[in-house]
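Here the structure is laid out as structure tokens; the discussion comes afterwards.
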Amino acid sequence: MHARCRSMDTALFFPCEGEGQGARIRRERAAKHVCEPCPVRTECRNHALITG
């Protein structure tokens with residue numbers, strides 16, 4: 001409920017087929033910009049590590 005990405009398109013967090021290196025770097029920077037100040041970042045990271 002408190003995640004900053006809750007209403008965002010999940011494509012920001014996953015690579016697209018044929019994504020070039022520059023596009024990947026920009027996408028990852030944008031995702032990190034969203035995640036860094038997120039109040040549930042630790043819980044999200046733990047969930048991602050558990051579920052793959």
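Bear in mind that the values in this text are calculations on the coordinates, not laboratory data. The shown structure was predicted, so the numbers you read here are calculated from the model rather than taken from an experiment. Cβ: placed from backbone, ideal geometry, glycine included. Neighbour counts: every protein chain shown.
In the chain, the longest principal axis of the Cα atoms and the axis of helix 21-35 are about 20 degrees apart.
If r is the Cβ-Cβ distance from H2 to L49 and R0 is 25 Å, what FRET efficiency results, to the nearest 0.05? Please report the intermediate quantities before stating the final value.
Values: r = 19 Å, r/R0 = 0.78.
Calculated transfer efficiency: 0.80.
Seen from all sides and averaged, what is the projected area of the convex hull of the Cα atoms in the chain, in nm²? Before the final figure, lay out the partial values.
Values: hull surface 15.9 nm².
It is 4.0 nm².
So if I place +1 on the C-beta of Lys and Arg and -1 on the C-beta of Asp and Glu, and nothing else carries charge, what would the dipole magnitude of the chain be about its Cα centre? I want it in debye, nearest 20. List each step's numbers first, then the result.
Working: 9 positive and 6 negative charges, 38 e Å.
In debye, rounded to 20, the chain gives about 180.
For the chain, the longest principal axis of the Cα atoms and the long axis of helix 41-51 meet at an angle of about 70 degrees. Across the chain, the mean sequence separation of Cα contacts (distance under 8 Å, 6 or more residues apart), normalised by length, yields a relative contact order of 49 percent.
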